[in-house]
Amino acid sequence: MKNLTILTVAITAAILAGCASIQPGADPLVVRTEQLETTANASFQLIVSVDNADRGFWITNAPAFHNFAEWLRTSVPTPTNPNEPRGLGLILLVDADKEAYIANKALSNNLLSAISDLQFAANQATAWQTIISTNN
């Protein structure tokens with residue numbers, strides 16, 4: 001439970017950092033993308049680690065939560081690894097699109113599409129964090 005508290009505090013701090021102002025000259029799309037990558041990674045790690053801690057409990061008592069953790073664990077191909085866990089794979093794909101955007105601003109639509117997919121998964125993870133960290 002202590003690890004859950006530490007991770008929750010870290011994720012909250014990362015989310016609050018997303019509200020920080022952007023440095024002059026920095027590309028807002030790149031900055032916000034990097035913030036999303038950081039918070040999504042922390043959220044995904046929390047979900048998977050909590051599920052790993054007691055899979056039997058989560059399978060029985062919160063099968064939807066366990067299924068989401070399994071979805072994050074499912075292997076997907078990325079340009080660098082044919083068997084990347086989906087959570088990390090989403091982040092790596094966004095990062096690749098971010099690098100392509102930095103090199104060629106005309107590729108912003110590709111980055112925005114990848115961000116949308118990652119944000120959707122990150123929002124689900126955040127919703128599960130709220131449920132699993134509530135003292136009931």
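The values are calculated or read from the model by the stated rules, or taken from the named source; none is laboratory data. Predicted model, so just to flag it, every value in this text is computed and none were measured. Neighbour counts are summed over all protein chains in view; Cβ atoms, including those assigned to glycine, are modelled from backbone coordinates with ideal geometry.
Observations on the structure shown:
- The range 85-111 - residue that is among the aliphatic types (A, V, I, L, M) and touching a residue at least 40 places away in the same chain (Cβ under 8 Å) and, of those, farthest from LEU46 (Cα to Cα): ILE102
- Residue in the range 15-23 that is within 13 Å of the chain's Cα centre (by Cα), surrounded by fewer than 18 Cβ atoms within 10 Å (Cβ to Cβ) and at pLDDT below 95 present: yes
- Hey, LEU111 more than 23 Å from ASP27 (Cβ to Cβ), modelled with pLDDT of 95 or more and buried (at least 18 other Cβ atoms within 10 Å of the Cβ) or not: no
- Of all the criteria given as (1) at pLDDT 95 or above; (2) surrounded by 13 or more Cβ atoms within 10 Å (Cβ to Cβ); (3) under 20 Å from GLN35 (Cβ atoms); (4) out of contact with any strand residue (DSSP E or B) (no Cβ under 8 Å at 6 or more places or on another chain), the one not satisfied by ALA69 is (3).
- ASP117 vs. criteria acidic (Asp, Glu), assigned to a helix (DSSP H, G or I), crowded, with 16+ Cβ neighbours inside 10 Å and out of contact with any Phe, Trp or Tyr (no Cβ under 6 Å at 6 or more places or on another chain): no
- For LEU90, the conditions (1) part of a helix (DSSP H, G or I); (2) out of contact with any strand residue (DSSP E or B) (no Cβ under 9 Å at 6 or more places or on another chain) are fulfilled apart from (2).
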